[in-house]
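The values are calculated or read from the model by the stated rules, or taken from the named source; none is laboratory data. Just so it is clear, the structure is predicted and the values come from calculations on it, not from any experiment. So basically every Cβ, Gly included, is an ideal-geometry build from the backbone, and we count neighbours across all protein chains shown.
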Amino acid sequence: MSYKRGQQKLKKRKRTSAKLSFDENKEINVAVKTGKVLLGTKSVLKQLSMGDLKLLILANNAPKQVVDQIKLFNNCLETPVPIFTSKNSSWDLGAVCAKPFWVSTVGILSEGNSSILKVIK
């Protein structure tokens, strides 16, 4: 097939709107912006004892002492909260949450427009 000068064959684009993969950073960011989220170990542990959390997110380099304490609290609950260990470090998790500091634990009270709870469960 020959094309005249200035004409090119149009390529069909593949649709990328329906992604099958899970983008953890995007979902956490949407949850922080549109939902109710707690940052930090102290506030997460306090809310965990009340039983209002829907999901816990831990940084991959969270201190072992913090992880053990959260898991101990979680195991004592009647209905344990799902715990998701992120692939991000605490510095990266803070950046995903749009905060200029380290965040080792994130507690989600309501996810807002994010679908993170559906994907994790």
Worksheet item: Yes or no: Ser89 farther than 20 Å from Asp23 by Cα, of a type in the set (Ser, Thr, Tyr) and free of Cβ contacts under 8 Å to residues at least 60 places away in the same chain?
Response: no
Item to complete: Filter the stretch 40-76 down to residues that are of a type outside the set (Lys, Arg) and free of Cβ contacts under 8 Å to residues at least 24 places away in the same chain and give me whichever is nearest to Val96 (Cα to Cα).
Response: Val67
Item to complete: Starting from residues that are over 11 Å from Ile57 (Cβ atoms) and of a type in the set (S, T, N, Q), keep the ones in the stretch 70-89 and report whichever is surrounded by the fewest Cβ atoms within 10 Å (Cβ to Cβ).
Response: Thr79
Worksheet item: Is there any pair with a first residue in the stretch 98-117 that is on the phi > 0 side of the Ramachandran plot and a second that is in a loop (DSSP other than H, G, I, E, B) whose Cβ atoms are under 7 Å apart and which are 6 or more apart or on different chains, and what are they?
Response: Gly112/Gly35
Worksheet item: Which one of the conditions (1) of a type outside the set (Val, Ile, Thr); (2) at pLDDT below 95; (3) surrounded by fewer than 19 Cβ atoms within 10 Å (Cβ to Cβ) does Glu111 fail to meet, given that it meets all the rest?
Response: (3)
